[in-house]
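See structure below.
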Amino acid sequence: MRTFVARWTCCAVGTWVSRSFSSGRALRGAVGSADPGGNKKAGVAAGFRVRWLVRHAILRAKAAGKHCPARGGLIPSSRSRLGAGLEKDELERLAGRRLRLSFEEIVSHPRLPEARRAYIAAFCDLYEGDPFLVRLLLQAGRFLVFLSAAVLEAAQDPARRETWFTVSALKRQLSMHGHASDRQVDHLLARLCEVGFIEQNRAPADRRVRLLATTDKLRSHHAEWLATHFVPLAKLYPDHDYRPVLARNQAFNVTHCRVGLPFFPVSVRLMMTLPDTMLFFSHAAGPLIQNAVLKAAIDAGDPTAAIPYMDVADRFGVSRTHIRNLMNAAQAAGLVRIIGRGGRSIEITPRHWASYDRGLAVGMYLHDAVNLVAMRDWTEARRRSAAHLLTVD
């Protein structure tokens, strides 16, 4: 997910900062509170690994272009512009058609602030009032397992052993995101199995193989998560058909996950162009904390208003020390200014708004490309199903 979350989450998935990081002691406290009874050493190792990726992303970004805080991070050089063009070609190859949206069109859309407001509200609503889900899924490693599980299960073909959703397949997928430690992945997987998001069973065709399977609990949350990331697209482009994903249609979501698997390498490369986004993703519950403080600024009606941020700890069940360390890292990166008595408030800098919009636009760009393929396949499957029913009748 180097270029998500995001050009994925992912998109979305998850936008990560850079220059200053919380201490190992603070990270241990955050991981410990996020995973009662879990393996703290594995969590700390995961954090260090993600931080290494962030530093690597910054070095690559500096090599590719000049730095400009007013424009959200980087002014692309001719080399980075060429890379962006190649990714467009790659996305069109994967989609099998021309893209209907360009990144430039999205990031310069006059209603992008409106789409940002809608996305931030939807994202906060998704996790508000559920500290357990916050702690479980917004630690970067577990979130990547969660996201990869939904995609790998949808893409498997029982007749093709190489596509089976196994522990080995999951580890190969996560290695793209820097989670190359087998032991670390085993720990993350065990935790998701423990809380009922993933199950393990023996393969009917080969009892030596352990197949993984997602549960209704995971699939339900993934449907909500995916719909949240299409809210800004629906806001900017109401004429595009995003109804199946926004309706949480499970059959469509399976199709979307299946066709999304080949897009993962592109998502990784694009995520690496977003060091400010990566900063928050590298901290436990970082994206939620970021969206919560941005929402507070939006609700205040002034993008530069002084925003108290310590209440986020109580709302989402993370430690105040962890949030303070994250804000210190964000200030060192030029994303916020810590102000007020005792440093209990922050101001959001123009650079933060600009870099957030860039990350959001990258995610929308990727999600729309995947949606084109998913809608094509889903529509064709429904047409074949209807024709089959007519033949039977």
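For Asp276, what charge total do you get from the other residues with a beta carbon under 9 Å from its beta carbon, if Lys and Arg give +1 and Asp and Glu give -1?
Computed value for this residue: +2.
Cβ neighbours within 10 Å, averaged per peptide: list 250-259, 265-274, 350-359 in order, most packed at the top.
265-274, 350-359, 250-259
Let me check I have the definition right: for region 215-362, take the eigenvalues of the Cα gyration tensor, multiply each by 5, take square roots. What are those semi-axes in whole Å, largest first?
Ellipsoid semi-axes (Å, largest first): 31, 17, 16.
For the charge dipole of region 318-383, defined by +1 on Lys and Arg C-beta atoms and -1 on Asp and Glu C-beta atoms about the Cα centroid, which residue among His322, Gly363, Gly334 has the Cα displaced farthest towards the positive pole?
Looking along the dipole axis, the top candidate is His322.
Obtain the nm distance between the two label points defined at Arg111 and Asp377 by a simple spin-label model: each point lies 7 Å from its Cα along the Cα-to-C-beta direction.
The two pseudo-label positions are separated by 3.0 nm.
Subtracting the Cα-Cα distance from 0.36 nm times the residue separation, let me have the gained length for Asp302 to Arg248 in nm, one decimal.
Using 0.36 nm per residue and subtracting the Cα-Cα distance, I get 16.1 nm.
Once you've got the Cα coordinates, tell me which of Lys171/Lys217; Lys88/Lys295; Lys235/Lys295 are over 25 Å apart.
Over 25 Å Cα-Cα: Lys88/Lys295.
For region 301-384, what's the relative contact order in percent, using C-alpha pairs closer than 8 Å and at least 6 residues apart?
Reported as a whole number, the value is 25 percent.
If R0 is 56 Å, what FRET efficiency do you get for Arg161 and Glu128 from their C-beta distance, rounded to 0.05?
0.85
Given a Förster radius of 35 Å and the C-beta distance between Arg320 and Gln200 as r, what FRET efficiency does 1/(1 + (r/R0)^6) yield to the nearest 0.05?
It comes to 0.40.
Please give the net charge around Asp241, taking every other residue with its beta carbon less than 12 angstrom from that of Asp241, where Lys and Arg add +1 and Asp and Glu add -1.
Neighbour charge sum, excluding Asp241 itself: +1.
Each reported figure results from applying straightforward, stated rules to the coordinates on display, with no laboratory input. Computed from a predicted structure; not experimentally measured. Virtual Cβ from ideal backbone geometry, glycine too; neighbours counted across all protein chains shown.
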